[in-house]
Amino acid sequence: MPEAIYFKGRVTVGRRVGDRVYVRIDVYIDEGGKELAKYIGKEVAGIAVVIEGEGS
């Protein structure tokens, strides 16, 4: 069963692996990071909501 986790963080360009360039979302530990940590090393899928003007 899918689980929804609220998180907040910052998007950065990650590393290049072969012909792919990855984008990384650094999640603040007190804004959902603690809940996401249980999925370290696993593939996840989700939806990111961008709030214009906040933290730009």
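The values are calculated or read from the model by the stated rules, or taken from the named source; none is laboratory data. All figures in this text were calculated on a predicted structure; none of them were measured in a lab. We place every Cβ from the backbone using ideal geometry, glycine too, and count neighbours over all the protein chains shown. Accessible surface areas use protein heavy atoms only, side chains included; no ligands, DNA or RNA. Shrake-Rupley method; radii C 1.70, N 1.55, O 1.52, S 1.80 Å.
Exactly one of these conditions fails for GLU35: (1) in a helix (DSSP H, G or I); (2) within 9 Å of the chain's Cα centre (by Cα). Give me its number.
Going through (1) in a helix (DSSP H, G or I); (2) within 9 Å of the chain's Cα centre (by Cα) one by one, GLU35 breaks only (2).
Tally the residues that are in contact (Cβ under 8 Å) with a residue 12 or more places away in the chain and surrounded by 12 or more Cβ atoms within 10 Å (Cβ to Cβ), restricting the search to region 1-45.
Within region 1-45, residues that are in contact (Cβ under 8 Å) with a residue 12 or more places away in the chain and surrounded by 12 or more Cβ atoms within 10 Å (Cβ to Cβ) number 13.
Quick check, is GLY55 on the phi < 0 side of the Ramachandran plot, modelled with pLDDT under 90 and open to solvent by less than 70 Å² (accessible area, probe 1.4 Å)?
In short, no.
What is the one condition in (1) under 11 Å from the mean Cα position of the chain (by Cα); (2) at pLDDT 85 or above; (3) in a loop (DSSP other than H, G, I, E, B) that THR12 does not satisfy?
(3)
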